[in-house]
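Student: Got a structure for you, written out below as structure tokens; questions coming shortly.
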Amino acid sequence: MTISTRTPEGDPLKCSICGSEHFVLTSWPPGDSVCPSCGAHSWIPKSNPDKVIPTSQIRNQVRTLVDQLRLSSTKIELGNYLVNGMITCLAANSAILWISKEQESDWQPPLKLIAFVGKLNGCEFAAEVATTKQATMRMTVIHSVESLLIGVPLKTRIGTSGVIEVVQRATIHPDARAGNLRFVSSMAALVESCPAFR
């Protein structure tokens, strides 16, 4: 029997009862659905629709974000404005600002967490972006949900000084993925020029 919630363009669901993976339509609010395989009731993490801004207001939101970044007095303040702005402007699941640090030993991570909104999944992806010095997108599974990782290095005259990492829905259109990467890259260029980041 196929349950009617199954759809190719819905939200990713990995059932905690039977372990099957599907895309399903989710009610919002409250954010629940039914597993197409076994019919079990499931809750699906989803970005808050109250945080998604209308298209007509995006330009103003980006202008506000740019002004906040330029006027930031510390890296932590800059980081908080940045990650909250990324969540709002991109309707992303998570946004993280990592700063490179001097490694005192091999067992310490090469990056220091400055600010984040959402869920953390370790610094391995950001460390890879910092090492390759290349903007990168990759599909991965985070907390049983297929997600798109976007990482952009922050560069200075002496090398990579940090990474902006964004976790986005895997279901967004490929053109939107490219647009997200361009937006994160433009924010990285802005952050690099901010007095608080130097």
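The values are calculated or read from the model by the stated rules, or taken from the named source; none is laboratory data. This structure is a prediction, so every number in the text was calculated from the model and none was measured. Ideal geometry is used to build each Cβ from the backbone, glycine not excepted, and the neighbour counts take in all protein chains shown.
Student: Please find, within segment 63-87, the residue that is nearest to the chain's Cα centre (by Cα) out of those that are polar (S, T, N, Q) and in a helix (DSSP H, G or I).
Tutor: Looking only at segment 63-87, we keep the residues that are polar (S, T, N, Q), and these are 64, 68, 72-74, 80, 84.
The next check asks that each one be in a helix (DSSP H, G or I); those that pass are 64, 68, 80, 84.
On the way: THR64: 20, GLN68: 20, ASN80: 14, ASN84: 11 Å.
It comes out as ASN84.
Student: Pick out, from segment 123-177, the strands (runs of 3 or more DSSP E) lying fully within it that include 3 or more residues that are buried (at least 23 other Cβ atoms within 10 Å of the Cβ) and touching a Gly at 6+ places or on another chain (Cβ under 8 Å). Full working, then the answer.
Tutor: Details: elements: 136-142, 145-156, 159-169.
Because the criterion is at least 3 residues that are buried (at least 23 other Cβ atoms within 10 Å of the Cβ) and touching a Gly at 6+ places or on another chain (Cβ under 8 Å), the strands (runs of 3 or more DSSP E) in segment 123-177 that meet it are 159-169.
Student: Against the definition (part of a strand (DSSP E or B) and basic (Lys, Arg)), how does LYS119 come out, yes or no?
Tutor: Here the answer is no, as LYS119 does not meet what is asked.
Student: Another question, then. Do we find that TRP98 is aromatic (Phe, Trp, Tyr), more than 21 Å from the chain's Cα centre (by Cα) and either surrounded by fewer than 19 Cβ atoms within 10 Å (Cβ to Cβ) or modelled with pLDDT of 85 or more (or both) in this structure?
Tutor: Working: aromatic (Phe, Trp, Tyr): yes; more than 21 Å from the chain's Cα centre (by Cα): no; either surrounded by fewer than 19 Cβ atoms within 10 Å (Cβ to Cβ) or modelled with pLDDT of 85 or more (or both): yes.
In short, no.
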